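The values are calculated or read from the model by the stated rules, or taken from the named source; none is laboratory data. These numbers come from a predicted model, not from an experiment. Note that each Cβ is placed from the backbone with ideal geometry, even for glycine, and that neighbours are counted across all protein chains shown.
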């Protein structure tokens, strides 16, 4: 390797090392995250778990009250102990490490003949992977999809880095598959939507150039690793939900488990799942025309649409080539066979993950790993379509430029940095040890609870999980009984534009609002200060 190549590689490595730092500083520049889930459960759930409030507070974060809190415990401690800007820097710095895995994966599957050129192109593919809608919209937020992506990318890297061992006799191949499964399963245990990548990677083993029996066994070992990883990070919580509610996924899939603590329904958010055949077939293109098909914020990112078109062309080409080979014969060279194997692996992973994602969720945030890898997959598909290396490189570069020029990332909400992460001060209470606060409506407010005295109990008597009903479940009955026997102060928290829901819920519980006692609350983190929360005393009807 000549001196120029050494210099190029050094520069590439310096850039890679600076990306996490730049990502952290970028977050400080764009402001603090104010997303809906942060205000709903990202801060409250770990607080409730660490302080033993499960069952004391009821359904305050809607369905998310019952999510595994383990993922957000570090975030809770960071917010509780560090300045807001330091928290923001960390939430940019850690996701920045995705660039290292993206580059490492690309180096294992791309070879342009010259080390310097290969390094620069792999860096471009990795950077473009990082500059996607999800990555740019989520950087510095508490969603953690761009942090949970790290173990999944590590699993992908393990498989492509040691793909020679997968075909070798002995335990080396099984170890690689099991380790990759353990990484994916651990993420699945933390956050259930990441199950799509467990399915995608398991299927991707069948794209490798190995005997069918070997591929099946590797996929089986990978699956065992997934189950082990999920048990390590999520097993304790599933057991907790089973013991409390008789449903390990409570409240989800309650039409199957029929827990008396919830309604007999799935509780799944199906707003973004395609509903008709033409939407299914055009979905990668459709959500660029109407981004609200896959989330609550507008954006434009053409990478999946472009990849979809390329895959259609590739399928047509494969059919034509197979027909032609039947008449002319011939087999691919070993090097060409390896390239095809790698391409099949990434295509199967992307297609299967995307299909499972469409079927189960349709929420764009959850497809972030495929978004990261899309530029690499685009190059691999172009390389399969265009035999001339120079032409392939030019076409791939043109595609990358197109994606950059047309990119318009969304925004989950930001605010200027302040000295306090939430900017909330709880109202003074005369009898906190004997106070119950009722919650109604659908807007998130659980982030306020840690700032109240710990003795105060919170009950959401109306929301996505519970509400006045002619057929109350055990959760409703628990709250009805708690309110009926309560003799101390009662209060309600509701959002200004949800007063109608508050009054209806109070009436169903036999309660009246004392309007003269209402206090206006407008925490600094709220993105709609023109619509404050109200904190009002409540009395029982005679």
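What number of residues in the range 447-461 are in contact with a strand residue (DSSP E or B) (Cβ under 8 Å, 6 or more places away or on another chain) and more than 16 Å from residue 519 (Cβ to Cβ)? Please lay out each step first, then the result.
Of the range 447-461, the ones in contact with a strand residue (DSSP E or B) (Cβ under 8 Å, 6 or more places away or on another chain) are 448-449, 452, 456-461.
The next check asks that each one be more than 16 Å from residue 519 (Cβ to Cβ); those that pass are 449, 457-461.
Number satisfying all stated conditions: 6.
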(message) Considering only residues that are in a loop (DSSP other than H, G, I, E, B) and out of contact with any helix residue (DSSP H, G or I) (no Cβ under 7 Å at 6 or more places or on another chain), which ones fall in the range 376-406?
(response) 387, 388
(message) Please go through the range 186-230 and give me each residue that is over 19 Å from residue 352 (Cα atoms), without any contact (Cβ under 8 Å) to a residue 60 or more places away in the chain and within 19 Å of the chain's Cα centre (by Cα), ordered by number.
(response) 186, 229, 230
(message) Residues that are assigned to a helix (DSSP H, G or I), free of Cβ contacts under 8 Å to residues at least 24 places away in the same chain, buried (at least 17 other Cβ atoms within 10 Å of the Cβ) and out of contact with any strand residue (DSSP E or B) (no Cβ under 6 Å at 6 or more places or on another chain): does the range 80-97 have at least one?
(response) no
(message) Please go through the range 108-117 and give me each residue that is part of a helix (DSSP H, G or I) and surrounded by fewer than 19 Cβ atoms within 10 Å (Cβ to Cβ), ordered by number.
(response) 108, 115, 116, 117
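To keep it simple, each residue is scored yes or no on (1) modelled with pLDDT under 95; (2) exposed (fewer than 15 other Cβ atoms within 10 Å of the Cβ); (3) under 23 Å from residue 365 (Cα atoms).
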position: 243; (1), (2), (3): no, yes, no
position: 262; (1), (2), (3): yes, no, no
position: 271; (1), (2), (3): yes, yes, yes
position: 276; (1), (2), (3): yes, yes, yes
position: 286; (1), (2), (3): yes, no, yes
position: 289; (1), (2), (3): yes, yes, yes
position: 303; (1), (2), (3): no, no, yes
position: 309; (1), (2), (3): no, yes, yes
(request) Look at residue 49 and say whether it is without any contact (Cβ under 8 Å) to a residue 40 or more places away in the chain, in the same structural domain as residue 478 (by TED's automatic domain parsing), surrounded by fewer than 21 Cβ atoms within 10 Å (Cβ to Cβ) and over 17 Å from the mean Cα position of the chain (by Cα). (result) yes
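Can you name the residue in the range 68-78 that is closer than 25 Å to residue 457 by Cβ and touching a helix residue (DSSP H, G or I) at 6+ places or on another chain (Cβ under 6 Å) and is also surrounded by the fewest Cβ atoms within 10 Å (Cβ to Cβ) among such residues?
At the first step, the residues of the range 68-78 found to be closer than 25 Å to residue 457 by Cβ are 68-70, 72-73, 75-77.
So of that shortlist, the ones also touching a helix residue (DSSP H, G or I) at 6+ places or on another chain (Cβ under 6 Å) come out as 68-69, 72-73, 76.
Values: 68: 20, 69: 20, 72: 25, 73: 14, 76: 21.
The selected residue is 73.
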(message) Return the residues of the range 52-64 that are under 19 Å from the mean Cα position of the chain (by Cα) and either buried (at least 24 other Cβ atoms within 10 Å of the Cβ) or outside the structural domain of residue 453 (by TED's automatic domain parsing) (or both); say none if nothing qualifies.
(response) 61
(request) Please enumerate the residues belonging to the range 210-222 that are within 14 Å of residue 173 (Cα to Cα) and either surrounded by 24 or more Cβ atoms within 10 Å (Cβ to Cβ) or touching a helix residue (DSSP H, G or I) at 6+ places or on another chain (Cβ under 9 Å) (or both). (result) 210, 211, 214, 215, 216, 217, 218, 219, 220, 221, 222
(message) Take the residues in the range 407-437 that are under 25 Å from the mean Cα position of the chain (by Cα) and not in a loop (DSSP other than H, G, I, E, B); name whichever of them is nearest to residue 298 (Cα to Cα).
(response) 408
(request) Look through the range 531-542, keep the residues that are farther than 15 Å from residue 436 by Cα and out of contact with any helix residue (DSSP H, G or I) (no Cβ under 6 Å at 6 or more places or on another chain), and return whichever of them is modelled with the lowest pLDDT. (result) 542
(message) Among the numbered criteria (1) outside any helix (DSSP H, G or I); (2) at pLDDT below 95, which one does residue 141 miss?
(response) (2)
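Listed here are the residues, each with its yes/no results for (1) assigned to a helix (DSSP H, G or I); (2) modelled with pLDDT of 95 or more; (3) touching a helix residue (DSSP H, G or I) at 6+ places or on another chain (Cβ under 9 Å); (4) outside the structural domain of residue 223 (by TED's automatic domain parsing).
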| site | (1), (2), (3), (4) |
| --- | --- |
| 136 | yes, yes, yes, no |
| 149 | yes, yes, yes, no |
| 156 | yes, yes, yes, no |
| 170 | no, no, no, no |
| 173 | yes, no, yes, no |
